[in-house]
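The values are calculated or read from the model by the stated rules, or taken from the named source; none is laboratory data. Nothing here was measured: the structure is a model prediction, and the numbers come from that model. Positions of Cβ are backbone-derived with ideal geometry, glycine not excepted, and every protein chain shown enters the neighbour counts. To get the accessible areas, we keep the full protein, side chains included, count just its heavy atoms, and leave off ligands, DNA and RNA. Shrake-Rupley method; radii C 1.70, N 1.55, O 1.52, S 1.80 Å.
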Amino acid sequence: MNRLSLIGLACLAIMAAAASEKWTVDDVLFQESVGGLELSRDGKLAVYIKSRMDKEKGESVSNLFMKPAAGGDEITLTRGRDNCSSPRFSPGGNRIAFLAARKPAGPPDADAPAAGPAGLQIWLIDTRGGEPWQLTRFERGVRSFGWIDDNTLLIAAPEDPSLHDHKVKERKDTSQVVDDEDNAAPVRLFKFEINGSKTTRLTANTDRITSVTVSPDGKYAVTVHNRSLAEIFNQKIKPVVFLHELAAGTSKQLFANDKLYPRGFEWTPDSKSFYFAAPYTTHPYLYNASINLLYSYDVASGRHRKIELDWENGLGGYGGGVTVTPDGFLALLANGARNKAARYSKSGAGFTRQWIEGDHAANMMSFAVPGDGSFAVYTYTTASAPAVQMIARLNGNKVSEAKPFIETNAGWKKKPIARTELVTWKGALDEQVEGILYYPHNYQAGKKHPLVVMIHGGPHGVDMDAFSERWGYPHQLFAQRGAFILKPNYHGSSNYGLKWGESISGGKYNDLEWIDVETGVDSLIARGLVDPGMLGVLGWSNGSIITIELTTRTNRYKAAGAGAGNVNWTSDWGNAVFGDSFEQYYLGKTPMDDPELYIRKSPLFRMDKVTTPTIIFFGTEDKQVPTEQGWQHFRALQHYGRTGVKFILFPGEAHGPRKLVHQQRKLEEELAWFDKYLFQTKPDGNVALRKESPLAAAALLAKQSDVPETVGRGPIHVGRFEVTRAQYKAFDSSYAVKPGTENHPASGITFDNAKAYCQWLSGKTGRKYRLGTEEELGSMLKASKSENTLDAWAGYAVNADDEKRLASMVDGLGEGALLKAVGSYAGTGEEPLFDLGGNVAEWVTARDGSGKVMGGSADRPVDPKSTGKARLSYTGFRVVGQ
């Protein structure tokens, strides 16, 4: 073999590896996340929620899982497409209560209404095994709950329908009365006894309880009450807090004369006191930007006090807060893009602080600690390291012997992940701004790359040094296109202290933020990293607002993505669910007070300056940034006609799309927009061609080499097609191939032949190839009525008797006579795989290492009850690449 051939093979191997590792939209949308982790009081078990998008339901689905803290297999507690949330161990740890809106298994309860009650109900499952069962049947569902003892739950639930409610239902009246305080259902406390299924109403309040936190001994509960439906709009009537002594049936309001807005209650193990966080702001009553301070309340004395954290920025956000320990608490303190972990231990009347030490101390995002405080479960992540739940010994401020406890998204380990770093620059007012910089996957020192600025929402939000791939901000898909990504924590962001958060209030909104972005871009250009002629910008919500502002200030951005962003503050004041509180805080006045201010601040009146091609996204039911804002933005750009514009509405969606089809559309449309206007690449393929069609398969086959193409499927990369006869003949020159059947699947292949081919291909390309395992491909290789099976040839669903009657006819046609070219039937998936359900049955490696034939074949019916095997002449394989 000559030198040019070797170089060609090496290049081919590199190209094949690059293709197999490519990030796809599905990688972003079908990721798995972990949340809601709670430890049993004895520390032996952990329960948590795993969520991921369900293709059939078209929305995200959340189920419960449990795992022993000492190690062992993960236990699936719930299955199906009903979302579960808020898992809580009983005090003794033998049961788990959780919220779900699911249908009971088995025959219906004779005493229950035919349709069943609406909303979330409490379900129960035994930690020792068995199916979950429905516990409550509140007419309007459950809002919050906690355990009093192993047999009793304390529940916050809306009161049953009133006569007014019944009349509205009888009339089928769908009219809506805004902020209808007179007829809003009160949310009250109820005691529920499991033995006997007895429910007792404990309170007669007329407001709405939003949260319940029960003390460990079950004697007390803290509740938060909403007293105004307009509170989110204007923040004038604040929620109140009550402490209930459950056995005595008494309650008292706390903090009535204090400017406190408590949240995040955590009882101490002895039930004598509890911690809580409360936002602090210099504004007289608006809390749009604040820092979170920590307090404690002593039950015996009835007094609360502020805990001195000795940290100006207060408690951290995005996983920050406190976790109670036997001698105090663990805290994540606000420290910009990285929270700072600390342990506070009681010392006299106060606390002493020690910084947490350990391998992951700089990037811890949450804590869970058992009653004895002997270990901790925490989330470790960086912007370039996907989140892992770790478990480690906790000794004082030392975290040691850390090891993975819960891992997800194993497929991401096979994909390139952008290198990241924290960067700073001088922004507006000559003040330092911090951000996160993602490097291109193909970064080359000395080369200037495109830049896409991705701007977070809020504005009092923050981009943390944490891995996050979402439909709104798909970093890897842009880094894969060769771009840097800059995520600026502009003036007004949280986690940087009160001064920074309040810096854009009182009329200064959008005076500083866009400058922070622009100077950040300039700093990267000055470093020689970024091509100044290839800049793009995108964001959602407030990130979209800054994006829009930038397009009215400069024409240097070649593409913009604006999701749910404002252009007209006058209409926003009245239409947004929090319009008055937001505008009064950030603009300082109402539109009635100063209409000229609202015009000056509204980008709508500067749309004649926009030349950046802009794609706009909105949900039709968005109340946070009303959909009308998108219409005005679109119509204004359309009116002036100075740039390209596209407006995409997601029916039935609120402030962000929840449905799979809408998230997919957002990602694909935005990527195509940036491909066209920023990266200036041609669309991938023909817009009239379905990627999963036989025609698309034929086009791929026409370009296919003797190295099988693989496609990412979770943690593995599976051959798009079954190995063809032409590809197999390159390995075995004695393999006979009739003219015209080169693209038929290789058939008559033994298990040893298939393994030998994979070994040969690995040596040929320098990339590891093998057969898939039964576990990896078992769920994919299922005979299908819509593919090349005996049913398709016979024209009906062939049963076992008819299969025998047809056997001699099939044999008489000759070996493999019913086979067709690979890809002759429609494929499956975003990056489709073909012939999983027919043509040749395929070799896989069984659990014991032996060969096993799986999937449909052209000589066999689809009949799932059949135990028959495909003839060897209808047996082949596909490769799995690593």
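When a/c reaches 1.5 or more, the comparison of a/b and b/c decides; with that in mind, is the range 166-268 rounded, prolate or oblate per its Cα gyration tensor? The shape class here is oblate.
Working note: Karplus 6.51/-1.76/1.60 with θ = phi - 60° gives the range 174-183 the couplings 9, 5, 10, 9, 6, 6, 7, 4, 5, 10 Hz, where Gly and Pro are set to x.
For a paramagnetic label modelled on Ala736 (point 7 Å from Cα along Cα→Cβ), amide N atoms under 11 Å away belong, within the range 801-843, to 815.
The apolar share of the surface of the range 111-241, taken as the fraction of accessible area on carbon and sulfur atoms (1.4 Å probe, ligands and nucleic acids excluded), comes to 49 percent. Extension gain, Lys865 to Asp359: 0.36 nm times the residue separation minus the Cα-Cα distance gives 176.8 nm. Farthest towards the positive end of the charge dipole of the range 575-675, among the residues Pro595, Thr611, Pro626, is the Cα of Thr611, using unit charges on the Cβ of Lys, Arg, Asp and Glu.
Computed with a 1.4 Å probe over protein heavy atoms only, the accessible surface of the range 657-716 comes to 58 Å² per residue. Taking a straight Cα-Cα cut-off under 19 Å and skipping sequence neighbours fewer than 8 places away in the same chain, the aspartates and glutamates within cross-link reach of Lys67 are Glu32, Glu38, Asp42, Asp126, Glu131, Asp372, Glu401, Glu407. Take the Cα of Lys219, step 7 Å toward its Cβ, do the same at Glu669, and the gap between the two points is 5.9 nm. Any of Lys415/Lys852; Lys609/Lys676; Lys589/Lys623; Lys55/Lys487; Lys50/Lys414 with alpha carbons more than 23 Å apart? Name them for me. Cα-Cα > 23 Å for Lys415/Lys852; Lys55/Lys487; rest within.
As I understand it, the dipole of the range 394-546 uses +1 on the Cβ of Lys and Arg and -1 on the Cβ of Asp and Glu, about the Cα centre. Which of His460, Leu524, Gly492 lies farthest toward its positive end? Towards the positive end, the residue furthest out is Leu524. Shown for the range 359-430: the carbon plus sulfur share of the solvent-accessible area, taken with all protein chains present and a 1.4 angstrom probe, equals 48%.
Extension gain, Leu422 to Ala300, is 39.2 nm, computed as 0.36 nm per intervening residue step minus the present C-alpha separation. Computed from phi, the 3J(HN,Hα) profile of the range 26-37 under the Karplus parametrisation 6.51, -1.76, 1.60 (θ = phi - 60°) reads 4, 4, 6, 6, 9, 6, 10, 10, 10, x, x, 5 Hz, with x in place of Gly and Pro. Computed from the Cβ-Cβ distance with R0 of 41 Å, the FRET efficiency linking Ala385 to Glu308 stands at 0.75.
Size of the dipole of the range 729-882 about the Cα centre, Lys and Arg at +1 and Asp and Glu at -1 on the beta carbon, nothing else charged, in debye to 20? Its charge dipole is roughly 360 debye. Using Cβ point charges alone (K and R +1, D and E -1), the dipole size of the chain about the Cα centre works out to roughly 1260 debye. Heavy atoms of the protein chains alone define the surface here; on that basis the range 51-200 has 55 Å² accessible area per residue at 1.4 Å probe size. From helices alone, the chain scores -6000 deg cm²/dmol at 222 nm; the rule is -39500 (n - 2.57) for each run of n ≥ 4 DSSP H residues, then divide by the residue total.
Considering only the Cα atoms of the chain, their convex hull presents on average a projected area of 42.7 nm². Determine the alpha carbon to alpha carbon distance for each of Lys259/Lys499; Lys508/Lys666; Lys22/Lys755; Lys272/Lys398; Lys691/Lys782; Lys413/Lys659 and list only those over 23 Å. Beyond 23 Å between Cα atoms: Lys508/Lys666; Lys22/Lys755; Lys272/Lys398; Lys413/Lys659.
For a test of the definition: using alpha carbon positions, the gyration tensor, and the 1.5 limit on a/c, classify the range 385-457 as rounded, prolate or oblate. Since a/c reaches 1.5 but b/c is at least a/b, the shape of the range 385-457 is classed as oblate. In order along the range 202-212, the Karplus-derived 3J(HN,Hα) couplings, from 6.51 cos²θ - 1.76 cosθ + 1.60 at θ = phi - 60°, round to 9, 10, 10, 4, 9, 9, 10, 6, 9, 8, 10 Hz, and Gly and Pro are given as x.
Within the range 55-77, which residues have the backbone N less than 19 Å from the label spot 7 Å out from Ala826 along Cα→beta-carbon, could you tell me? Backbone N within reach: 55-58.
Using a/c under 1.5 as the rounded threshold, could you call the range 427-499 rounded, prolate or oblate? The axes a ≥ b ≥ c are square roots of the C-alpha gyration tensor eigenvalues, and prolate needs a/b larger than b/c, oblate otherwise.
Note, shape of the range 427-499 comes out oblate.
Placing a label point 7 Å from the Cα of Ala70 along the Cα-to-Cβ direction, none of the residues of the range 356-394 has a backbone N under 11 Å of that point.
For the range 259-399, the dipole from Cβ point charges (+1 on Lys and Arg, -1 on Asp and Glu) about the Cα centre works out to 200 debye, to the nearest 20. Full extension of the chain segment joining Lys646 with Tyr443 gains 70.0 nm, where the gain is 0.36 nm per residue of separation less the Cα-Cα distance. Label separation (Asp270 vs Asp801): 8.1 nm, computed from points 7 Å beyond Cα along the C-beta direction. Roughly to the nearest percent, how much of the accessible area of the range 473-549 is carbon and sulfur, given a 1.4 Å probe? The C+S portion of the solvent-accessible surface of the range 473-549 is 59 percent. Along the axis of the charge dipole computed for the range 728-817 (Cβ charges of +1 for Lys and Arg, -1 for Asp and Glu, origin at the Cα centre), the listed residues Thr789, Ala756, Leu777 are led at the positive end by Ala756. Near Val577, the amide H atoms lying under 5 Å from its own belong to Gln624; only residues 5 or more places off or on other chains count, and H is placed 1.01 Å from N. The residues of the range 431-538 have, on average, 28 Å² of accessible surface per residue, using a 1.4 Å probe with all protein chains present.
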